[in-house]
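Structure record follows, encoded as structure tokens.
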Amino acid sequence: MARDDVLNLPLNAVRVLVTGAGGPAAVSVLKSLGADQTVTLLAADMDPWAAGLYLVPPEARTLIPAGLDPGFVEATLARCIAMDADVLVPTVDAELRPLARARAQFARAGIALLLAPDEALDVTLDKLALAQRCAGRAPVPRTERLDRATDPGSWTYPVVVKPRTGSGSRDISVVRSAQDLARMDTSGDFLVQQYLPGAEYSVDVLADASGRVVASVPRVRERVDSGVSVAGRTLHDAELERLGATVAEATGVTYIANVQFRRDAAGRPALLEVNPRVPGTLPLTVASGVDMPRMALDSLRGRPMPERAGFRDMAMVRFLEERFVPLGDVERVAA
Ligand SMILES: Nc1ncnc2c1ncn2[C@@H]1O[C@H](COP(=O)(O)OP(=O)(O)O)[C@@H](O)[C@H]1O
Ligand SMILES: [Mg+2]
């Protein structure tokens, strides 16, 4: 058996392009997969100053347009083909749906996407659809579309109003009265949700290529600086571990996803959202013993996954680290 593995190694060698190289999620994937001898890393970003570009050799760096750019898919596919990529790992929210829509085009070019199925993206990238999907399977705060039919008198205040498809806490407001709610955007793009006052948790979930959950690792953001967790710890909590897995399975996400909860006034954890992609604080989960990027790539490659992967309690503090490159390197990427 071991002999077969050795003989198969060259066949299993893969070239993996990671997008969003300027962000912590991409850097965590680059660090994890960098330890896999069968992986050649490639890095992409829209900005030549993206740090992760300089974690790979010069010929493995590329610029691509922003996910919202109409030319994003075509340019990214062209770069994947030119760089002979076998696998594309998107780490930027705005890239997920455009890439999912082009999945067949990528497949025809021999490129696999480390990305949840379209149906799972539809459910997780719309927080209203997510609440509806998970109701009855996991605790979900009261969540409704904010539109002209909304009855402000039927809510207990405060409530949260947020975009159905938002990210990065953009356009979220805490609304304290029925009068204030009556004045909010009723376009149908926003939802109104019961306010959850308690402690907040992120649960990193690894599911295999078929959506079977292999690991569920809760963690706490102990310190946050400019939206990025700079200190945190993993947490053994059977309820959160189970809820993370339940929500992931209810949505059909595959590979790596991040499920967020917050406790209600009675102290019960309730679902906030699911990010169907690599979270920025994944290094903590990797350090706790579950190397999610390597395992996700293994599953994509058809390698067997363990029944269940456990984790150790681990604390993380973080700092900025410099990488120095000749100025010409940046100019070459930008050219
Ligand atoms: N119903 C809620 N009750 C209390 N806080 C909330 C609620 N919804 C969102 N928040 C706060 O806003 C943050 C961002 O909301 P979230 O639903 O995670 O959207 P996103 O991260 O995609 O912008 C959460 O981490 C949480 O602190
Ligand atoms: Mg969030």
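Quick check: the angle from helix 238-251's long axis to the longest principal axis of the chain, C-alpha only, nearest 10 degrees?
80
When the helices in the chain are scored as -39500 (n - 2.57) per DSSP H run of 4 or longer and the sum is shared across all residues, what 222 nm value do you end up with, to the nearest 500 deg cm²/dmol?
-8500 deg cm²/dmol
Place a +1 charge on the Cβ of each Lys and Arg in the chain and a -1 charge on the Cβ of each Asp and Glu, then give the dipole magnitude about the Cα centre in debye, rounded to the nearest 20.
My answer is approximately 500 debye.
For the pair Arg103 and Ser167, what calculated FRET efficiency results from E = 1/(1 + (r/R0)^6), where r is the Cβ-Cβ distance and R0 = 25 Å, to the nearest 0.05?
0.70
Stretch Arg15-Arg176 to full length: gain in nm at 0.36 nm per residue minus the Cα-Cα span? Each step should come with its number before you reach the end.
Working: separation 161, 0.36 × 161 = 57.96 nm, distance 5.13 nm.
Once the chain is fully extended between Arg15 and Arg176, it gains 52.8 nm.
Roughly speaking, what is the stretch gain from Ala35 to Arg223, that is 0.36 nm per residue apart minus the C-alpha to C-alpha distance, in nm to one decimal?
Residue separation times 0.36 nm, minus the Cα-Cα distance, leaves 64.9 nm.
Around Leu55, what is the net charge, scoring Lys/Arg as +1 and Asp/Glu as -1 over all other residues with Cβ under 9 Å from its Cβ?
Numbers: positive: Lys31, Arg323; negative: none.
So the environment of Leu55 carries a net charge of +2.
For the chain, which longest stretch is free of loop sites, where a loop site is one of the GluC sites (Glu not before Pro) that DSSP puts outside H, G, I, E and B and that has at most 12 other Cβ atoms within 10 Å?
1-306
Considering only DSSP states other than H, G, I, E and B, which trypsin sites (Lys or Arg not before Pro) in segment 244-318 qualify as loop sites with at most 12 other Cβ atoms within 10 Å? Please list the in-between numbers first.
Details: sites: Arg262, Arg263, Arg277, Arg294, Arg301, Arg308, Arg312, Arg318; in loops: Arg277, Arg301, Arg308, Arg312, Arg318.
The qualifying sites are Arg308, Arg312.
Can you tell me the relative contact order of the chain? Whole percent, Cα pairs under 8 Å, sequence separation 6 or more. Don't skip to the end; give the middle numbers.
On the way: 671 pairs, mean separation 56.9, N = 335.
Relative contact order for the chain comes out at 17 percent.
Apply the a/c threshold of 1.5 to the C-alpha gyration tensor of segment 192-335 and tell me whether it is rounded, prolate or oblate.
Oblate shape, in that a/c is at least 1.5 and b/c is the bigger or equal ratio.
Give the residue list of trypsin sites (Lys or Arg not before Pro) in segment 135-235 that are DSSP loop and have at most 16 other beta-carbon atoms within 10 angstrom.
For trypsin sites (Lys or Arg not before Pro) across segment 135-235 that sit outside H, G, I, E and B with at most 16 neighbouring Cβ atoms in 10 Å, the list reads Arg137, Arg142, Arg148, Arg170, Arg176, Arg183, Arg212.
Where is the GNM fluctuation largest for the chain (alpha-carbon springs, 10 angstrom cutoff): Ala120, Ala60, Ala104?
Ala104
Please compute the modelled spin-label separation between Ser187 and Val325, points set 7 Å along Cα→Cβ, answer in nm with one decimal.
Simple spin-label model gives 3.8 nm for this pair.
Please give the net charge around Arg277, taking every other residue with its beta carbon less than 13 angstrom from that of Arg277, where Lys and Arg add +1 and Asp and Glu add -1.
With Lys, Arg at +1 and Asp, Glu at -1, the neighbours total -3.
Round to a whole angstrom and tell me the spacing of the C-alpha centers of segment 184-241 and segment 257-308.
The two parts, judged by their Cα centres, are 9 Å apart.
Where does the charge balance sit around Thr19 when Lys and Arg score +1, Asp and Glu -1, over other residues with C-beta under 9 Å from its C-beta? Write out the running numbers ahead of the final one.
Details: positive: none; negative: Asp45, Glu95.
Surrounding charge for Thr19 is -2.
Using the Kirkwood radius built from alpha carbon pairs, what does the Stokes-Einstein equation give as D for the chain at 25 °C and 0.890 mPa s, in µm² per second?
Roughly 117 µm²/s, to the nearest whole number.
Please give the FRET efficiency for Asp313 paired with Ala149, using the beta carbon to beta carbon distance and R0 = 41 Å, rounded to the nearest 0.05.
Using R0 = 41 Å, I get an efficiency of 0.30.
The numbers here are math on the coordinates, done by the rules we state, and not lab data. On a predicted model such as this, the values are computed, not experimentally measured, just so you know. Cβ: placed from backbone, ideal geometry, glycine included. Neighbour counts: every protein chain shown.
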